[in-house]
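Chemist: Okay, handing you the structure first.
What follows draws every value from the coordinates through simple rules; no lab data is involved. No experiment lies behind these values; they were computed from the predicted model shown. Ideal geometry is used to build each Cβ from the backbone, glycine not excepted, and the neighbour counts take in all protein chains shown.
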Amino acid sequence: MMDFARRFFSRPTALFGFAVFAAIVAIALAAPLLFARGPFNIVGMPLLPPGAPGLLVGSDVLGRDMLVGLAFGARVSLLVGISATLCAAGMGVLLGSVAGYYGGLVDDLLMRVTEFFQIIPSFVLLMVLVAFLQPSLESAVIGIALISWPQVARVVRGEFLTLRSREFVQAARTIGMRDAGIIFTQILPNALPPIVVISSMMVGNAILAESALSFLGLGDPNLLSWGSMIGGARSAMWVAWWTTVLPGVSIMVTVLALNFIGDGLNDALNPRRRR
Amino acid sequence: MKLRYIAMRLVKTVLVAIAVVLLSFFLIRLAPGDAATVMAGQSGYADEAFMKDLRAEYGLDQPLPVQLWKYMDQVAHGDLGTSYVRRQPVLAIILERLPNTLLLDAFALVVAAAGGIWLGAMAARRPGSALDNATTVLAMLFYSVPQFWLGMMMMLLFAVWLGWLPPFGIETMGADYTGLARLGDIGLHILLPGTTLALYFMASYARLTRTAMIEVADQDFVKTARAKGIGERQVARRHILRNALIPLITFAGLQASILVGGNVLVENVFSWPGVGTLAYEAVTQRDNPLLLGIFIVTAILVSLFNLITDIAYSVADPRVELGR
């Protein structure tokens, strides 16, 4: 474990990504304590520039404090990004492990389904899903999970295909372990590193997908998110750059930090596969 | 043998199309209410008997498998339903917008491939150089930026602040250019949305070309070419690059589904009158048949594009017939 941490933090980008991500998590958690009145509270004139009295980063089209909006937006992004990834990872692990462990016809069938979900235009499917289920936090999580599980399934299947014929699996079978026991207590722990790496990268993509949904007006109508801030400020973009630039930079920094973390995890967990 | 491969791929494409329609049939059921509730809502007043008549008229009271069969039959005949809002056949509305989207995508793919391959080839020539590192950093950045926001920033910079390019639409409204002048006008309008779409893919192409070229450069036939005394430029272009480009063909196919998602966002930002903007209009107007129709049409187009790239790949790389 110490060895892993040392390898991870020896990369400057990984260290930077981790520090930035930790800061964003802290802001998201502290938002309701710091700004008790919530992001929809009107504090002054609309479109005040950054640096106006009491407004560190200005106000938006309705005269709401952009700083409060950005802090609360982090909550939506992280919540959707992390929960969608957990759901997708769960689905992917389940289907991928069954396909890889049993092989044969089951594997063929499951892999065709996986392939199908990778061919079809996933963002349009996501729009249909969220629009039909009615826009909400839950529908965004379900939709994003449904379009992202194939990545995990493919990785898990690959790991299971190579691990299932190893000696420790044969030993487990000899002592009479059931398939479910072998899959979850014997093989899965050994397949974890690549699952962790791909999941960390998926959080970033899930955040991008959530921001795109909110931008199109398919986000939860009761929550302010970075994407809906950008979508709502489109008419003001020409006169007040900060209304669109700042939420976009927030998304970019968050996703970049997550990608750096993913790269660092990849190097730290697979020392032999280093580039 | 190659014919057999192509036939197998054709069958697969048909199966994907059937699966798309099957999935759509179940997606309809996700929306609250059915077609009868929507129509009853529009008629202003409806009692139970009227609803029952409506359901009978549209076959909504029949068992699920019968409904599914009818639905597949309809779609197979090109009937994707009628738009709630526009009162026109969904397929006709989509086909009217499709050429604009295809134009934008073709432009974006050409720019992305040309720029990406050039950047990747330059980076592969000197791994670790400033250009190589810059390419890697830029690729990482473009992966982390929301595409719609990148488009807005391009608009802010080139249309609002610098005033070089038109920010909206496909041509100047009310100008009524004809012939070459019109073509030039469209060319000016396509630059911002086209480049925004292209940048994301350009980054991936650059990275892929770079790794493929470094890999190929290590192989024996390249050493043979050098040993024969062929100039370094010729080796780079005729031997390394040519072989490194083959995997990029399949990659273009895989990216097609991402490209469609980009269309929805980027067309919307630049008010480009294509299928992507249509999808946004369908969402804001709650026009479910139109939205679902766009999903079906784009999914089938993407799988057709995949079929074409796979066939092109099998022609470019003779080894492919061995595998599937």
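Chemist: Which of A:Ser122, A:Gly264, A:Gly217 sits farthest toward the positive end of the charge dipole of segment A:2-274, with +1 on the Cβ of Lys and Arg and -1 on the Cβ of Asp and Glu?
Modeler: Checked the options; the winner is A:Gly264.
Chemist: Return one number: the angle in degrees, 0 to 90 and rounded to the nearest 10, between the long axis of the Cα atoms of helix A:242-269 and the longest principal axis of the Cα atoms of chain A.
Modeler: 20
Chemist: Can you tell me the dipole magnitude for segment A:2-274 around its Cα centre, using point charges on the Cβ only (Lys, Arg +1; Asp, Glu -1), in Debye to the nearest 20?
Modeler: Working: 17 positive and 14 negative charges, 107 e Å.
In total the dipole reaches around 520 debye.
Chemist: Straight distance only, please: which lysines reach the Cα of B:Lys2 with their own Cα at less than 27 Å, same-chain residues fewer than 8 apart left out?
Modeler: Cα-Cα hits under 27 Å: B:Lys12.
Chemist: To one decimal place, what orientation-averaged projected area in nm² is obtained for the convex hull of the Cα set of segment A:85-194?
Modeler: Averaged projected area of segment A:85-194's Cα convex hull equals 7.5 nm².
Chemist: In terms of the Cα gyration tensor, with a ≥ b ≥ c the square roots of its eigenvalues, is segment A:140-237 rounded because a/c is under 1.5, prolate because a/b exceeds b/c, or oblate?
Modeler: Taking the square roots of the gyration eigenvalues as a ≥ b ≥ c, segment A:140-237 is prolate.
Chemist: What dipole magnitude, in Debye to the nearest 20, does the protein assembly as shown give about its Cα centre under +1 on Lys/Arg Cβ and -1 on Asp/Glu Cβ?
Modeler: Result for the protein assembly as shown is approximately 2260 debye, rounded to the nearest 20.
Chemist: Here is a further query. Apply 1/(1 + (r/R0)^6) to the Cβ-Cβ distance of A:Met45 and B:Gln88, taking R0 = 35 Å, and write down the FRET efficiency to the nearest 0.05.
Modeler: Result of the calculation: an efficiency of 0.20.
Chemist: Kirkwood hydrodynamic radius, computed over distinct alpha-carbon pairs, for segment B:242-324: how many Å, to one decimal?
Modeler: Kirkwood hydrodynamic radius for segment B:242-324: 14.4 Å.
Chemist: Binned at 5 Å from 0, what are the whole-percent values of the Cα-Cα distance distribution for segment B:142-222, short to long?
Modeler: Result, from short to long distances: 3, 13, 17, 15, 13, 11, 8, 7, 6, 4, 2, 1, 0 percent.
Chemist: Test of understanding: ordering B:Ser129, B:Ser83, A:Ser211, A:Ser148 by Cβ neighbours within 10 Å, fewest first, what list do you get?
Modeler: Numbers: B:Ser129 12, B:Ser83 21, A:Ser211 33, A:Ser148 26.
Going from least to most buried by this count: B:Ser129, B:Ser83, A:Ser148, A:Ser211.
Chemist: Out of residues 5 or more away from B:Thr82 or on other chains, whose amide H comes under 5 Å of its own, with H placed 1.01 Å from N in the peptide plane?
Modeler: B:Val90
Chemist: Taking +1 at the Cβ of each Lys and Arg and -1 at the Cβ of each Asp and Glu, which of A:Gly248, A:Leu109, A:Ala233 sits farthest along the dipole of segment A:2-274 towards its positive end, judged by Cα position relative to the Cα centre?
Modeler: Of the options given, the answer is A:Leu109.
Chemist: Let me ask something else. Using the Cα centre of chain B as the reference point, and only Cβ charges (+1 on K/R, -1 on D/E), how large is the resulting charge dipole? Debye, rounded to the nearest 20.
Modeler: On the way: 26 positive and 24 negative charges, 343 e Å.
Here the size comes out at about 1640 debye.
Chemist: Under a GNM of chain A (C-alpha, springs under 10 Å), which listed residue has the highest mean-square fluctuation: A:Gly90, A:Gly104, A:Gly248?
Modeler: Among A:Gly90, A:Gly104, A:Gly248, the largest mean-square fluctuation in the Gaussian network model of chain A belongs to A:Gly104.
Chemist: If you don't mind, there's one more thing I want to ask. Can you sort B:His239, B:His189, B:His77 by how many other beta carbons sit within 10 Å, fewest first?
Modeler: B:His77, B:His239, B:His189
Chemist: So how tilted is helix A:122-133 from the main axis of chain A? Cα-based, degrees 0 to 90, rounded to 10.
Modeler: 70
Chemist: Which of the three applies to chain A, rounded, prolate or oblate, going by the alpha-carbon gyration tensor with a ≥ b ≥ c and a/c under 1.5 meaning rounded?
Modeler: Numbers: a/c = 2.94, a/b = 1.88, b/c = 1.56.
It comes out prolate by the Cα gyration axes.
Chemist: Could you quote the convex hull projected area for segment B:1-155, Cα atoms only and averaged over all directions, in nm²?
Modeler: One quarter of the hull surface, i.e. the mean projection, equals 16.2 nm².
Chemist: Quote the Stokes-Einstein diffusion coefficient, in whole µm² s⁻¹, for the protein assembly as shown, based on the Kirkwood radius over alpha carbon pairs, a temperature of 10 °C and a viscosity of 1.306 mPa s.
Modeler: Working: Rh = 26.5 Å.
Value of D from the Cα-based Kirkwood radius: 60 µm²/s.
Chemist: With θ set to phi - 60° and the Karplus curve 6.51 cos²θ - 1.76 cosθ + 1.60, what are the ³J(HN,Hα) couplings of segment A:5-14 in order, to the nearest whole Hz, using x for Gly and Pro?
Modeler: Residue by residue, segment A:5-14 yields 4, 5, 5, 5, 7, 6, 8, x, 5, 5 Hz.
Chemist: Residue-wise, which Karplus ³J(HN,Hα) couplings in Hz belong to segment B:294-309, taking 6.51 cos²θ - 1.76 cosθ + 1.60, θ = phi - 60°, and x for glycine or proline?
Modeler: In residue order, the calculated couplings are 5, 4, 4, 5, 5, 4, 5, 4, 5, 5, 5, 4, 4, 4, 5, 5 Hz.
Chemist: Another question about this same structure. For segment B:131-146, take each phi angle, set θ = phi - 60°, evaluate the Karplus expression 6.51 cos²θ - 1.76 cosθ + 1.60, and give the result in whole Hz per residue in order, putting x for glycine and proline.
Modeler: Couplings: 5, 4, 5, 4, 4, 4, 5, 4, 4, 4, 5, 5, 6, 9, 9, x Hz.
Chemist: Enumerate the whole-percent occupancy of each 10 Å bin, from 0 to the last occupied one, for all C-alpha pair distances of segment B:145-274.
Modeler: That works out to 11, 29, 23, 20, 13, 4, 0, in percent per bin.
Chemist: Arranged by the count of other C-beta atoms within 10 angstrom, fewest first, what order do B:Leu254, A:Leu246 take?
Modeler: B:Leu254, A:Leu246
Chemist: Semi-axes, largest first, in whole Å: what does sqrt of 5 times each Cα gyration tensor eigenvalue give for chain B?
Modeler: Numbers: eigenvalues 394, 153, 49 Å².
They are 44, 28, 16 Å, listed largest first.
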